[in-house]
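Working notes for the structure below.
The values are calculated or read from the model by the stated rules, or taken from the named source; none is laboratory data. In this text the structure is predicted, and so the values were computed from the model without any measurement. Because the Cβ atoms are built from the backbone with ideal geometry, glycine has one as well, and the counts that use them run over all protein chains shown. In case anyone asks, the SASA skips ligands and DNA or RNA and just uses the protein heavy atoms, side chains included. Shrake-Rupley method; radii C 1.70, N 1.55, O 1.52, S 1.80 Å.
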Amino acid sequence: MTHILIIEDEAALVDVLTDRLLAEGHLVSSSLNGEEGEQLARNKTYDLLILDLMLPGRSGLDICRNLRADRNDTPILMLTARGELADKVVGLRLGADDYLTKPFEMAELLARVEALLRRTSPSSTDTLRFANVDINPERGEVKRDGVLLELSVKEFDLLVYLAQNPGVVLSRDRLLSEVWNYDIPPPTRTVDVHISWLRQKLEPDARRPQHIRTVHGVGYKFVP
Ligand code: CA
């Protein structure tokens, strides 16, 4: 599932956009304020940012510049009002990927969103392999020695995320945020419980895990 962040101060527009994007099967978060919106964009990985130009707190241009300066390459679709042509050009130069002038047709926005998501996520359907395990994200299947495993949706999502981040130390908070989509992760044992289930299904010896290693005091690390 793709997660889209909307930073836009027109509440009515945010509502309409949210409804439509949810109906298209995307996960949506939003902020009406520029400063808070940038904070959200920094705290979590989104697949796409829909960013208004004129915002209270911090302008869309500043947010765009700050994120790119910080090597955040989340695709950005900028929303501009009529007459903001100069700003639009600046926005593209600062690293926005596309822009749309208000008012716009919803179909047009959805088309731009899909185009940006397609352009930036070609790897999501690639098969992931490690040891004797094959993961097919597109079909939602995991095989061990060619035998199909029964995984819950969250076990599957967690495994895919681990396999896509080999060698990276992943904190529980990051996993809760990326896999369970918490904006602010609550204190919970959910991650550890799911890790334990995955180990039982995937590791040669679940008590001495080779692939899903514990990093004490922090979280986990996937070793292919
Ligand atoms: Ca605005």
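I'd like to verify a number: residues in region 76-102 that are part of a strand (DSSP E or B), away from the ligand (no atom under 13 Å from the Cβ) and touching a Gly at 6+ places or on another chain (Cβ under 8 Å), how many?
2
Restricting to region 134-168, count the residues that are assigned to a loop (DSSP other than H, G, I, E, B), farther than 11 Å from LYS201 by Cα and over 19 Å from the mean Cα position of the chain (by Cα). Walk me through it before giving the result.
Keep residues of region 134-168 that are assigned to a loop (DSSP other than H, G, I, E, B), which gives 137-140, 145-146, 149-152, 165, 167-168.
Among the residues that remain, those that are also farther than 11 Å from LYS201 by Cα are: 137-140, 145-146, 152, 165, 167-168.
If we keep only those that are over 19 Å from the mean Cα position of the chain (by Cα) too, we end up with 139, 145-146, 152, 167.
Residues that pass the stated criteria total 5.
Quick check: anything in region 36-58 more than 25 Å from ARG174 (Cα to Cα) and of a type in the set (Ser, Thr, Tyr)?
Quick first cut of region 36-58, residues more than 25 Å from ARG174 (Cα to Cα) only: 52-58.
Right, trim to of a type in the set (Ser, Thr, Tyr) and you get none.
No, because not a single residue in region 36-58 is more than 25 Å from ARG174 (Cα to Cα) and of a type in the set (Ser, Thr, Tyr).
Quickly run through region 165-190 and pick out the residues that are touching a residue at least 24 places away in the same chain (Cβ under 8 Å) and under 18 Å from SER30 (Cα atoms).
SER177, GLU178, TRP180, ASN181, ASP183
From the list ARG20, ARG42, which residue is in a helix (DSSP H, G or I) and crowded, with 16+ Cβ neighbours inside 10 Å?
On the way: ARG42 fails: crowded, with 16+ Cβ neighbours inside 10 Å.
The conditions single out ARG20.
Need pairs with beta-carbon distance below 7 Å; first residue closer than 17 Å to GLU35 by Cα and within region 67-82, second open to solvent by 20 Å² or more (accessible area, probe 1.4 Å) and aromatic (Phe, Trp, Tyr); sequence gap 6+ or separate chains.
Listed pairs, sorted by first residue: MET78/TYR99.
The rows are residues; the columns are (1) on the phi < 0 side of the Ramachandran plot; (2) not polar (S, T, N, Q).
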position: GLU178; (1), (2): yes, yes
position: ASP183; (1), (2): yes, yes
position: THR190; (1), (2): yes, no
position: VAL193; (1), (2): yes, yes
position: PRO204; (1), (2): yes, yes
position: ARG208; (1), (2): yes, yes
position: GLY217; (1), (2): no, yes
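Of these, ARG208, ARG199, which one is crowded, with 17+ Cβ neighbours inside 10 Å and over 18 Å from the mean Cα position of the chain (by Cα)?
Values: ARG208 fails: crowded, with 17+ Cβ neighbours inside 10 Å.
Result: ARG199 is the single residue among ARG208, ARG199 that is crowded, with 17+ Cβ neighbours inside 10 Å and over 18 Å from the mean Cα position of the chain (by Cα).
If you go through region 114-148 one residue at a time, how many are open to solvent by 70 Å² or more (accessible area, probe 1.4 Å) and modelled with pLDDT of 85 or more?
6
If I filter region 103-124 for residues that are within 16 Å of the ligand (Cβ to nearest atom), outside the structural domain of PRO204 (by TED's automatic domain parsing) and either part of a loop (DSSP other than H, G, I, E, B) or over 22 Å from the mean Cα position of the chain (by Cα) (or both), do I get at least one hit?
Within region 103-124, one or more residues are within 16 Å of the ligand (Cβ to nearest atom), outside the structural domain of PRO204 (by TED's automatic domain parsing) and either part of a loop (DSSP other than H, G, I, E, B) or over 22 Å from the mean Cα position of the chain (by Cα) (or both).
SER30 is checked against (1) within 16 Å of the ligand (Cβ to nearest atom); (2) small (Gly, Ala, Ser); (3) in a helix (DSSP H, G or I) and fails just one. What number does that condition carry?
That leaves (3) as the condition not met.
For ASN43, state whether it is under 16 Å from the mean Cα position of the chain (by Cα), away from the ligand (no atom under 14 Å from the Cβ) and under 21 Å from ASP183 (Cβ atoms).
Working: under 16 Å from the mean Cα position of the chain (by Cα): yes; away from the ligand (no atom under 14 Å from the Cβ): yes; under 21 Å from ASP183 (Cβ atoms): yes.
It is true that ASN43 is under 16 Å from the mean Cα position of the chain (by Cα), away from the ligand (no atom under 14 Å from the Cβ) and under 21 Å from ASP183 (Cβ atoms).
Being open to solvent by less than 10 Å² (accessible area, probe 1.4 Å) and either within 15 Å of the ligand (Cβ to nearest atom) or more than 20 Å from the chain's Cα centre (by Cα) (or both) is the filter here, so list the residues in region 53-75 that pass it.
LEU53, GLY60, ILE63, CYS64
Restricting attention to region 7-25, report how many residues are more than 12 Å from the ligand (Cβ to nearest atom) and not charged (D, E, K, R).
As a first pass, look at region 7-25 and keep what is more than 12 Å from the ligand (Cβ to nearest atom): 15-25.
Checking which are not charged (D, E, K, R) leaves us with 16-18, 21-23, 25.
So the answer is 7.
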